[in-house]
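Undergrad: Below: one structure in structure tokens.
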Amino acid sequence: MQPASASLDPPSDAAARDPRTSVMLSADVVRSEGSQPTQHRVLNVSVSGVCIAKPVGLVPDMPVMVSLGRVDNAAARVKWVRGDRAGLRFDAPINLDAARQRRPGNGAPPPPTSGWMAAANERFRRQTTL
């Protein structure tokens, strides 16, 4: 009888793959020159590839451009699509530290500029007591 973990092992050709890191990021994937990017949740990333969720319209061996974290327009190819996940392999290794960083502008939303929320923290706002 085989150990329980043996059935979960990746295929033998993936045994030497780069270590994967789980992250909470999103990636923009562009299918062809001039097409609009689609945004996907990143499940894990390595220097050689990325696993994304909801790969609608992606098919194996399709060339794509991936922007992830502070890595912009990395050339990649769709290696596999299974259910609601897809594996993309980068044409060249990426900077993993840069890929893990959040993109500029993806931080906190800007403060409100109109309505009652804009004046909520105003110093001279009239205080009412009941």
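Where a number appears in this text, it was derived from the coordinates with a stated rule and is not lab data. This structure is a prediction, so every number in the text was calculated from the model and none was measured. Every residue, glycine as well, gets a Cβ built from its backbone with ideal geometry; the counts of neighbours run over all protein chains shown.
Undergrad: Can you tell me which of 94-101, 65-72 comes out highest on packing, and rank the rest after it, using the mean Cβ neighbours within 10 Å? Don't skip to the answer; put the middle values down first.
TA: Details: 94-101: 16.0, 65-72: 19.5.
By packing density, highest mean first, the sequence is 65-72, 94-101.
Undergrad: Assuming 0.36 nm per residue, please report the length gained on full extension of the stretch residue 33 to residue 95 beyond their Cα-Cα distance.
TA: Values: separation 62, 0.36 × 62 = 22.32 nm, distance 2.35 nm.
Gain in length upon complete extension: 20.0 nm.
Undergrad: Nearest 20 debye, what's the magnitude of the dipole of the stretch 17-95 about its Cα centre given +1 on Lys and Arg Cβ and -1 on Asp and Glu Cβ?
TA: On the way: 11 positive and 7 negative charges, 63 e Å.
It works out to roughly 300 debye.
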